[in-house]
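In what follows, a single structure is set out as structure tokens and then discussed.
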Amino acid sequence: MQKAAFGVLGLRWEYTAEQVERGSFADHVQSLDARWRGLSVTAPLKEEAHQYARELDDDARLTGAVNTLLLKSRRGFNTDVDGIVRAFGTRRVTTVRRAAVIGGGSTAASALVALARMGATAVEVRLRTVAKGESLRPIADELGVELLIDDLDAPVERPDAVVSTLPSSAAVTPTLVRPGAILDADYARGASRYDFDHEDRVISGLEMLAAQALTQVKIFVGGAPDRELPNEARVYEAMRASIGLA
């Protein structure tokens, strides 16, 4: 996607993937030369990137995760939050009151922040290990969101929006009773686990992937997530097309 964006923008930039072992993020970054402008960071290194950054945007500070890093300034960002909000926007879901997050990890924290930004005042969290949900409570408290934590077997009734972070390996499909839109963030999966009961309400995780990547490109090019790109609509169209989104 980023390569597609750079092509539209007329930038002769390279975008490559590198495997970095857990615990070696800082050493790897310090080994890079001046040609490197920034990094996209994936799990499980988002927390290490957060620790490495000298300056954080609000979303990175709240979630404790950085997925975009500018190397010269060591400024860290979390573009997943914006990606989630924009993904719901593809279904014209811009305002919610009650919402749910299924699963944990750094994406769950991003989902909580995104749902609060969309107006959620109460968020139900479903996890295999309920105690792990307590890590989200300080975020919810700062955002003024009521957090209700239960295990994966507990049904969720009438949420306006749901973000599922469950990986492909998870065998369970939580019970959702009359849900609104469902964002299945597991873009590595083919058909969503929620298609059988709620196909018309499921938003592909690819929408989140494309939206957060657009914000990354804004940061790499302009230094800030809110700085509009030249021909931004055409850039986004090319990025979406590169991953099979119409």
Label points 7 Å out from Cα along the Cβ direction at Asp58 and Trp13: separation in nm?
2.5 nm
Mean Cα-pair separation over length for the chain, i.e. relative contact order, pairs under 8 Å, 6 or more apart, %:
19 percent
Of the trypsin sites (Lys or Arg not before Pro) in the range 83-148, which ones lie in a loop per DSSP and count no more than 14 other C-beta atoms within 10 Å?
Arg92, Arg97, Arg128
Can you put Leu183, Leu209, Leu166 in order, fewest other beta carbons within 10 Å first?
Leu209, Leu166, Leu183
Quick one: Cα convex hull volume of the range 41-131, Å³ per residue?
101 Å³
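By how many nm would the segment from Ala233 to Ser73 lengthen if fully extended, with 0.36 nm per residue of separation less the alpha-carbon distance? Please report the intermediate quantities before stating the final value.
Values: separation 160, 0.36 × 160 = 57.60 nm, distance 2.80 nm.
Contour length minus Cα-Cα distance gives 54.8 nm.
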Report, in degrees rounded to the nearest 10, the 0 to 90 angle that the Cα long axis of helix 232-242 makes with the longest principal axis of the chain.
70 degrees
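Which order do Glu228, Glu48 fall in if you start with the one that has the fewest other Cβ atoms within 10 Å? Write down the numbers at each step before the final one.
On the way: Glu228 8, Glu48 20.
Ascending Cβ contact count within 10 Å gives the list Glu228, Glu48.
Using only the Cα atoms of the range 67-176, build the gyration tensor, take square roots of its eigenvalues as a ≥ b ≥ c, and label the shape rounded, prolate or oblate: rounded if a/c is under 1.5, else prolate if a/b is larger than b/c, else oblate.
Working: a/c = 1.58, a/b = 1.37, b/c = 1.16.
Note, shape of the range 67-176 comes out prolate.
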If you work out semi-axes √(5λ) of the Cα gyration tensor in Å from the coordinates, which of [x] 30, 21, 16; [y] 34, 21, 17; [z] 42, 19, 14 do you get?
[x]
Check: C-alpha center the range 181-234 vs C-alpha center the range 38-65, spacing in Å is 19 Å
Cross-link candidates for Lys218: which aspartates and glutamates have Cα within less than 18 Å, leaving aside residues fewer than 8 places away along the same chain?
Glu14, Glu55, Asp57, Asp58, Asp59, Asp80, Asp82, Glu207, Asp226, Glu228, Glu232, Glu237
Determine, for Ser40, Ser135, the number of other Cβ atoms within 10 Å of each Cβ, and report the residues in order from fewest to most.
Ser135, Ser40
Hey, if you put +1 on the Cβ of every Lys and Arg and -1 on every Asp and Glu Cβ in the chain, which of Thr107, Ala213, Ala191 ends up farthest toward the positive end of that dipole?
Ala213
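Read-outs: derived from the displayed coordinates by stated rules, not from any lab. This structure is a prediction, so every number in the text was calculated from the model and none was measured. Neighbour counts are summed over all protein chains in view; Cβ atoms, including those assigned to glycine, are modelled from backbone coordinates with ideal geometry.
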